[in-house]
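The next block holds one structure in the form of structure tokens; read it before the comments.
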Amino acid sequence: MQVIITVIGTDKVGIIAQVTTKLATLDVNIQDVSQTIMQGAFTMMLAAQLPPQADFSEVKAALQALGDQIGVEIRVTRQEIFDAMHKL
């Protein structure tokens, strides 16, 4: 399953490392990533592929829990839902 993962929060050391490490432990393959810092606000968007056996709800909950732990907001959206929401 293709997903879009967004990470938003105040910039600090280790956000990318912690998020990508968590994705690796969940066997999630990052296919594309973009990140920037705008006036102290960290933003990152990843396109990723969940493994076939993954439960979307469990992956989403694990990433949201990580976000709570490190003080950022992490959202996980199915690719088709993301695309439908952003069509013009």
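Scanning region 76-88 for residues that are closer than 12 Å to Gln2 by Cα and either among the hydrophobic types (A, V, I, L, M, F, W, C) or exposed (fewer than 14 other Cβ atoms within 10 Å of the Cβ) (or both) yields a count of 5.
Scanning region 32-75 for residues that are under 12 Å from Met1 (Cα atoms) and part of a strand (DSSP E or B) yields a count of 3.
Could you tell me which of the residues Thr43, Thr36 is under 25 Å from His86 (Cα atoms), touching a residue at least 24 places away in the same chain (Cβ under 8 Å) and among the hydroxyl-bearing types (Ser, Thr, Tyr)? Result: Thr43 is the single residue among Thr43, Thr36 that is under 25 Å from His86 (Cα atoms), touching a residue at least 24 places away in the same chain (Cβ under 8 Å) and among the hydroxyl-bearing types (Ser, Thr, Tyr). β-branched (Val, Ile, Thr) and either surrounded by 16 or more Cβ atoms within 10 Å (Cβ to Cβ) or closer than 12 Å to Ile74 by Cβ (or both): does that describe Ile15? Here the answer is yes, as Ile15 does meet what is asked.
Values in this text are rule-based calculations from the coordinates and carry no lab data. Note that the structure is a prediction, hence the values are computed from the model and not measured. Please note: Cβ atoms are built from the backbone with ideal geometry, for glycine as well, and neighbour counts cover all protein chains shown.
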